[in-house]
Each structure stands twice: as C-alpha cells, then as structure tokens.
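A quick write-up on the structure given underneath.
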C-alpha cells in the first residue's frame, strides 16, 4: 500500500557532478555555484535590525512566560558588549570564553564579541557541571588564555570557578556572584557606550577573521580548538539558503535545545535563524528524564516551522507526541520539515515520526538530514529532496567538493571548500595531519551512493573508518550500521550500544541500559529497586536475547549481529570522553576505558552475566 504524500516544500533540484579519477577516487560537486555571501555574521544582524526591527529574534523562558528580544533591541546591546570587550583589550589572543548553557545573554555575548572581531569560545557546560576533575576546562584555559570568562550563574558554576586557575582573568557573572571572589556583573557590559571604535572594529571584520573556537575531543579526550572563521560560517549559510529556498519565503521559527558549544546547535541552527531573519525559542529542556518535560511544555506553546534534533532527542520526545493530542497538534501545526543529524536515526524512529505526522495532518512531514563536522561549519552534504528512509545524508552543498577515496572496503569521505577550517588553534601538528596533499580535510567518515546507478539520489553515511574492524574470519563488521539496527531491535532497553569483537570469533554488544525502558519491562518491581537488580530480571535479559535473535534472523552473516552482550548499569562518562553532551557515544573511548569488560564479554567459559545466543 502506498504511503500518504509528503507536505510540499520548495527545494533546489537534486543534482550532482561526478568526476571519476584513474586511481578510483571520485570528486563530487554541486552544479550550483556558491553565490556571494556577507563578509561576517554581523551583517545579517544589521540587516534584520534595519528591515524587521520589531520581529522577535530570541526568546527564553522567564517564569511562566517568555522573555523576548527583537532584532531592533538586540543590535544596540550587541554593540555595547562589543565596546566593552574592546575596552578590555580582548583579541584573538585573548578571546571571550563562555561556560554556560544557551541563553539570550550568552547569545548577546557571542554576537557582541564576533561583531568587533573578538573570537568567542563556548565550552560545554558538562565540562564544568558533570566533570569531577575539570581537566578539560583547565586544558582549554591553558590553550586559549582567555581575556574574559562568562558564567550565567555564579552559584551553579562555583565549583569550576573555584577549582580552575583563570590566572587573573576577568570573571563575568549573570546572577548569584560567588561569595568572596571578584567578579563583574554581566549587565555592566550592556551599559558600555558604543561609538566609533565599534564601527571601525566592525568594518575591519572580514572573511578570514576568527569568529569562534569550538572544542572537540575526538577519541583521545584532549580538547582541540577548531578555528571557525567568518568565511566558514557565512558561506555555509549561503549554501543552505541556496538548496533550501523556502527559508526566504517563511522566516524560520525553531524551538531548540542543542548546545551552542557544538556546531549543530550554533553554526547550523542559530546562524540559520539569524541569516534568515527568523525566531529562536531557546529550549531549556534536554532529552533526559526530568528535562524532556520542559521541551514538551515549550512545544505545547510554540509551533516551530522547522524542528532539529539528534536521534536521542526524538527517542525521548516521541512517547509524548504519541499520547498528548495537544502537544501533537501544536508540534505539527506549522511544521515544514523535521531534521536529524549528529548520529544515524534508527529506522523505527523515522517510521514513528511519519506515522505521527499522518495521524495529525493526513500527510507526511518532510524529513531530512545533513552531514558535516565541527571542522566544516558544519554542513558538507544536505538533503534537499524527498527521501523515504533514514541514512541518506544528501548531496554536496554549493561551493563544497567531496572526495570519495577507496579505503579497504569503503569509500572514505574528504572535504574541501570555503566552509572548512584552516586548522586547530596552536596545533600545527594536528592541522597538518588533518589534510591530504590536495588540501582536502580528512573527516574520518565513509559514504556510499544510495543508488549506485544514480548519484543524484544522494550519499548514505557508511560509518566511521576507524570504528570498523574485522572478525577472526576476516569479515568486516560495519559498526555504524550495526549499531543503528541494534538500537531499533533492542528497544526500549538500550540507551546506546558499543560494538566489540576486533580480531575475535564473534561480535558482541556492550549495552548502555535505558533505565526507564528497562524498568518499564518490570512494572511490578519497586521504583527504588537498584538498577543492577532490574537489569538482571529475566524480562530484561529475555528482551535483550529476543532482539539479538531478531538481528541474526535478518541474515547477512556473523558481522551483522552480536552473539553475546552485556548490560551496563554505569552510564557513559563525560570525563573519560565516552559521551558528548549531545548524547553521541565515542566507540573507541568506551572500548579503551572498559577494556576489562570487553574481555569479560568475550571470555570462555562465558561469564554468567553475559547474554548469549
């Protein structure tokens, strides 16, 4: 039976140019030429302050209502902050550092710094609030030598402010200044008179000006400062505008929690709102129990035109959409498009979103994805055509070249274009290693054509090159694809999965348990029952074995299922770099930190806690 149609949305034509080289490499480009774009993000702010001064730019929760800031109100505040930073002598060598969550004040500081050519470095709040040793914050401070550090709440961030040696750096506090420590109130930055010095500094900002330092840890845990220039950010938004022309027809309205210390939430989403004169409702929720309810409350009140999330976010939101008619109505009322990125979306979540859309509006909401990295600002490929399933990451954006290089049994993806970073701050060794001889950035991912006979159908994500491994039989295990299939097969007990089995006879799963999902399988157990007891319950282990058996029955051989699994009660550690605050698991870091558990999983005779087929 055919599916209901998609809601209509105007995209650029799906097309790609393919150059095939004698060495087997392919070069993919968009036939669209990248059009002219602003020299800096500040030009977007000045445009909308001029053309739509009353339109709401940013909104955040304030008690039962919303604090709103229009474009006309934002620009003078941004200029005042820029003047305050210039007066303090901030520069590329003395940038502004932000420790806090998304907020209007965070946005104003970020825009104010960039307006006058001062880089801003938003740091994951988890490094300050979830870390026990603050090692990442200490390393970043040592690398950046910031001229100013901002924390929204002095009491909330008292631990990191007291433990890290900021070497006399000015500490700016939004509220609750820490007792006994010198600090500056954030509001004082807003009262700085802005004159000709701001005009001159703004005029001097150009495409090569460093806009941000965004930090990524990779597999080692050592923070790397990715240089983000104005060219990267502005060219990326121009490319998005060309493939998604509907953005110019309806200013986007988004409700978004994705953190601004990541390129997805900041460079893709925040900048998209700014570039297109839209409105961003800052979501104070997160996709975890106790906070997802805040997201639900916000979405009951605000109907987005676009909705962005990571797979874990959709997994947390869908149950509420399924049972709450008012939420479902508000969510789908104005929705033009659903967008997922940062990790592969399990097909079962895709199908649930489609079903919810059909149930509410009688048609499917367009669902798309994109692909890129912190080093690419972020979009390299994006979907600008209708797709029927998860996994397709689109076609190269205008101005970007994508090189597909044969690597073992895969095609390694490499990127060149104006959206690519010039390198890592003060790490020429890492910068040199990140690029090939032609200047293509080695992103570390693999891809394949969705339809080998028709490249215009897009590229599919094919996992991380470094994550895949061989079993003793010589068969390759494609970790990314197996993980996504396994998350669907093991729902609802698996929060995430790490695949094991390098040079072993069988693949295995280390399963991070979803506490709520596991407890839901055992409704008669008391709420205070330890998680270890829940995970040992026969209903949980039976569901795990059932999911493993399902994967095996689907066929494909020993590389497409796990013959053994261990349920883990301990959640992934952010200090050990096992997880990001977007919820993305670092496969290599988990395998390194939990090497003893991997040995236990694969030991013979089998450990009693190991679930086996």
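The mean sequence separation of alpha-carbon pairs under 8 Å and at least six residues apart, normalised by the residue count of region 71-205, gives a relative contact order of 30 percent. Restricting to Cα pairs below 8 Å that are 6+ residues apart, what does the relative contact order work out to for the chain? Please round to a whole percent. Reported relative contact order: 13 percent. Hull volume per residue, based on the alpha-carbon atoms of region 71-205 and their convex hull, is 99 Å³.
Note on residue 553/residue 43: beta-carbon distance plugged into 1/(1 + (r/R0)^6) with R0 of 60 Å gives a FRET efficiency of 0.60.
Comparing Cα centroids, region 1-55 and region 270-326 end up 24 angstrom apart.
Between helix 311-323 and the chain there is an angle of about 80 degrees, using the helix long axis and the longest principal axis of the Cα atoms. From the largest down, region 508-570 spans 41, 21, 15 angstrom on the principal axes of its Cα atoms.
Taking only the C-alpha atoms of region 1-120, Rg followed by Dmax gives 21.4, 67 Å. How are the Cα pair distances of region 188-327 distributed, in percent, across 5 Å bins from 0? The percentages, shortest bin first, are 2, 8, 14, 16, 16, 17, 13, 8, 4, 2, 1, 0.
Tell me, what is the Rg over Rh of region 414-479, with Rh the Kirkwood radius over Cα pairs? We get a ratio of 1.08 for region 414-479. Per residue, the Cα convex hull of region 363-439 amounts to 112 Å³.
Per residue, the average separation of C-alpha pairs within less than 8 Å and at least 6 apart gives region 365-506 a relative contact order of 16 percent. Annotation: average projected area of region 340-485 is 10.8 square nanometres, based on the convex hull of Cα atoms across all directions.
I need the Debye-formula profile for region 276-370: one equal scatterer per C-alpha, no solvent, reported as log10 I(q)/I(0) at q = 0.10 1/Å, two decimals. Reported log10 I(q)/I(0), two decimals: -0.23. Under the simplified labelling scheme, the residue 453-residue 409 pair shows an inter-label distance of 2.5 nm, with each label point 7 Å from Cα along Cα→Cβ. With R₀ fixed at 35 Å, the C-beta to C-beta distance from residue 524 to residue 329 puts the FRET efficiency at about 0.50. At full extension, residue 32 and residue 588 could sit 196.4 nm farther apart than now, given 0.36 nm per residue minus the alpha carbon distance. Given R0 = 56 Å, the distance between the Cβ atoms of residue 609 and residue 135 translates into a calculated FRET efficiency of 0.95. Stokes-Einstein, applied to the Kirkwood radius of the chain over Cα pairs at a viscosity of 1.002 mPa s and 20 °C, places its translational diffusion at 85 µm² s⁻¹.
Note on residue 17 and residue 91: the model spin-label points, each 7 Å out from Cα along the C-beta direction, lie 4.2 nm apart. The slack between residue 531 and residue 505, meaning 0.36 nm per residue of separation minus the straight C-alpha distance, is 6.3 nm.
How far apart, in nanometres, would the label points at residue 426 and residue 363 be if each is projected 7 angstrom from Cα along the Cα-to-Cβ direction? So the two model labels end up 5.4 nm from each other.
As an equivalent ellipsoid, region 469-612 spans semi-axes of 23, 18, 14 angstrom, where each value is the square root of five times an eigenvalue of the C-alpha gyration tensor, largest first.
Values quoted throughout were computed directly from the atomic coordinates according to the rules given, and no laboratory measurement underlies them. Keep in mind that what you see is a predicted model, and the values were worked out from it rather than measured. Every residue, glycine among them, receives a Cβ derived from its backbone with ideal geometry; neighbour counts consider all protein chains shown.
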